[in-house]
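Step one of this worksheet: look at the structure below.
The values are calculated or read from the model by the stated rules, or taken from the named source; none is laboratory data. Keep in mind it's a predicted model, so treat the numbers as computed, not measured. Cβ placement follows ideal geometry from the backbone for every residue including glycine, while neighbour counts extend to all protein chains displayed. What goes into the accessible areas is simple: the full protein's heavy atoms, side chains included, and nothing from ligands, DNA or RNA. Shrake-Rupley method; radii C 1.70, N 1.55, O 1.52, S 1.80 Å.
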Amino acid sequence: MTTRHAMRSRRTAHSTVALAGAVALAGAALLSAGPAQAAVGDLTCTASATGTFTPPLSPSNTTSTANATGTLTNCVSANGNFSHLQSATVEASGPATASGPFALQCPALLTLNLKGTFTWQNGHKSKFTLTLNTDITNGTATLTGTITSGPMKGDTISAAPTVSPNADCATAGLKSLTAPVTALNFA
């Protein structure tokens with residue numbers, strides 16, 4: 001005959017074995033999962049752009065309006081989520097501010113705050129905001145931004161472009177800025 005105490009002991013033993021099994025399985029799953037991986041970006045494109053400044057930026061005129069046009073080509077979606085986006089045209093505009101010694105580097109420091117649109121080859125449009133900061137004395141530039149609507153809404157935009165001012169910048173002011181080829185990343 002089985003007593004109540006014996007039945008409770010068996011249930012407790014079975015529960016303990018089941019709990020231990022669950023813990024072991026969970027631990028094995030965690031160990032086999034490996035280290036966490038960084039998220040794969042949505043899209044990377046080859047970008048080229050030209051910006052013009054009206055009026056030109058100079059030591060006596062350190063604020064202007066920038067208008068930029070460009071293209072995105074050879075777009076690749078590493079995670080496959082946006083493989084339908086292969087190329088785009090770009091239009092943007094916004095305020096520009098320059099500072100630093102124009103005689104040495106034209107200008108030494110430049111900030112552009114742009115709003116614009118990527119028009120994809122399939123007709124879809126992504127609106128964006130971008131900030132370009134350059135320190136030409138160090139040869140560095142950073143481009144950061146956000147997609148505000150359309151495909152990839154919420155994605156961040158980043159690049160480290162190489163930029164070149166117009167050749168006569170030191171005497172005529174900054175009239176244009178080109179970024180011939182750079183990788184533009186969306187994540």
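Stretched out straight at 0.36 nm per residue, the stretch from residue 54 to residue 69 would grow longer than its current Cα-Cα span by 4.0 nm. Count Lys and Arg as plus one, Asp and Glu as minus one, and take only other residues whose Cβ is under 11 Å from that of residue 145; the net charge is then +1. Fully extending the segment from residue 91 to residue 76 would add 3.3 nm, taking 0.36 nm per residue of separation and subtracting the current Cα-Cα distance.
So, counting K/R as plus one and D/E as minus one, what does the shell of residues with Cβ under 14 Å around residue 79 add up to?
For residues surrounding residue 79, the net value is -2.
Computed packing ranks the peptides 66-72, 145-151 as 66-72, 145-151, most packed first, by mean other Cβ atoms within 10 Å. Other residues whose C-beta falls under 13 angstrom from the C-beta of residue 118 contribute a net charge of +1, scoring Lys and Arg +1 and Asp and Glu -1. Only protein heavy atoms count here; under a 1.4 Å probe, residue 143 has an accessible surface of about 30 Å².
The phi-based Karplus calculation (6.51 cos²θ - 1.76 cosθ + 1.60; θ = phi - 60°) puts the 3J(HN,Hα) values of the stretch 80-88 at x, 5, 10, 5, 6, 9, 10, 7, 7 Hz, whole numbers, x for Gly and Pro. Taking a ≥ b ≥ c as the square roots of the eigenvalues of the Cα gyration tensor, the stretch 47-99 is classed as prolate, since a/c reaches at least 1.5 and a/b is larger than b/c.
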